[in-house]
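Asker: Got a structure for you, questions after.
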Amino acid sequence: MANQTENARADAAELERLRAENAALRAELAALRDADAARSHLAALRQLAEGVIITDAAGRISFVNAAAERIHGVARLDVAPDDYSATYSLFTEDGRPYPPQDLPLARAVLRGEGSTDARWRIRRPDGTEVVAVGSACPIHAEDGRQLGAVLAVRDETARDTAERGLRESLGLFRLLVDGLPMLVAYVGPDLRYRVANHAYRDWFGLDPREVVGKTVPEVVGEGAFAWVGEHIKGALAGRRSVLEGWVPYGDKPARFVRAEYIPHVTEDGRVDGLFICALDETARRAGEERERLLMREVDHRAKNTLAVVQAILRLTRAESRDAFLEAVESRIGALARAQAHLSGNSWTGAPLAQLVREGLSPFLDGADGRLVLDGPDLTVAADAVQSLAMLLHELATNAAKYGALSQDGGRLLVRWQGAPGQGLDLRWQELGGPTLSGQPDRRGFGSEMLLQATLGQLRGQIEHAWEPGGLGVRLTLPADSLTA
């Protein structure tokens, strides 16, 4: 019985030993598998195009892949955080030694802080410098313990050089375009201005330095961007385009703009931004519009003048050929003076005082003292100038033949009142002429022409007063006979 018990104990001990050996073998096998996996992972990290640096829990560098070695020009392991900067010759972008505790990898391992796209400079052992951009983060186990940290770094030297060259080119571009009499700008793919010339001060009241960094909608306003946005997007897609038309710029008056949107295509075919060249053609456009209006006005006036000349020829009556020619020439002369007033004022109208004085000048023989004018400064509308000039001419003709201007001591008083939007009230009073005995028995061409011009084209009213001391006439014209 004792032997059986002893054998059972021995068997149990052997079984426990076998189990322990089995567990040890499994653990060893798992460790081998973990080691194989780790070696596999490290092998993969070594092949990455981006540089990778790994530390242990204490922050000592334990792994540097081939890309990181190429970037730094050296690979050194077992480097503590305080020695990162000196060992790998790391500097800030402006050339100062990088404080070790502020480096992304040191912050990740010592303070558990992650960082992305940090920038610094590396001075390689051969003296060349590299612009590096990197991101770092701590490495944690499943139970939360920090196992170390990892840094991913890439060489941005070529891009930095290209950007610096672009900035220098843009600086030269800015110097060149500031002298141009147009709006010129360079806008990046993010729609932010990189360059703006002095014209932005004239167009938007903004210093060019205020414009740089702002987006196009922020500068031109949402209303204008609704017009120009498609052209900008087209240029960023590689298409050159031209915009011509009226563009509203926020609370500022709309401008007639001719603008070109030119894509900036790099050597590798990328569109890195666009150039904007815009010319304010508001004044030119307004001039062209005035010219078109003037041509239409000239055409309109020419037709009116022809109609008046035809009426003069048709209605003029005279006892002889010479008298007929004299009457026609006199009336056409009055018409020509009215035309001269209109053309001298760009067909916008004529000053009333000037129209009266020059219309009567042929009948005064240089004796201006015989004419008295009294009234405010008013401008006769273009549509009323010819008719009023002819009316004044007929009144002056009658005064020279039969009224106050036919006598040496006769005088003429012309007074008026009125305002734009209210109309005109003009009084004609002859003084010192032959004594009148009342309304004449018959009217000649002058009277008929006067009535037709006044009541027809002028749409006004006329009243006569044949007083013994001289003829008095009151003429009233509607509001549209005067202009501001």
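What follows draws every value from the coordinates through simple rules; no lab data is involved. The structure displayed is predicted, hence computed values, not measured ones. Here the Cβ positions follow ideal geometry from the backbone for every residue, glycine too, while neighbour counts run over all protein chains shown.
Asker: Counting residues in the range 65-117 as N, plug N into 2.2 N^0.38 Å and put the Cα Rg over that result.
Answerer: For the range 65-117, the normalised Cα radius of gyration comes out at 1.14.
Asker: Note down the nm distance, to one decimal, between modelled labels 7 Å out along Cα→Cβ at Arg296 and at Lys252.
Answerer: 3.0 nm
Asker: Let me check the size of the range 196-291 from its C-alpha atoms; what are the radius of gyration and Dmax in Å?
Answerer: Considering the range 196-291 through its Cα atoms, Rg and Dmax are 14.3, 50 Å.
Asker: Then there is this: Among His341, His393, what is the fewest-to-most ranking by other Cβ atoms within 10 Å?
Answerer: His341, His393
Asker: Now for a different question. Between Glu467 and residues 5 or more places away or on another chain, which pairs have amide H atoms under 5 Å apart, with H built 1.01 Å from N, and which residues are they?
Answerer: Distant-sequence amide H within range of Glu467: Gly472.
Asker: Give me the three principal axis extents of the range 176-230 from the C-alpha atoms, as integers in angstrom, largest value leading.
Answerer: Per principal axis, max minus min of the Cα coordinates gives 28, 20, 18 Å.
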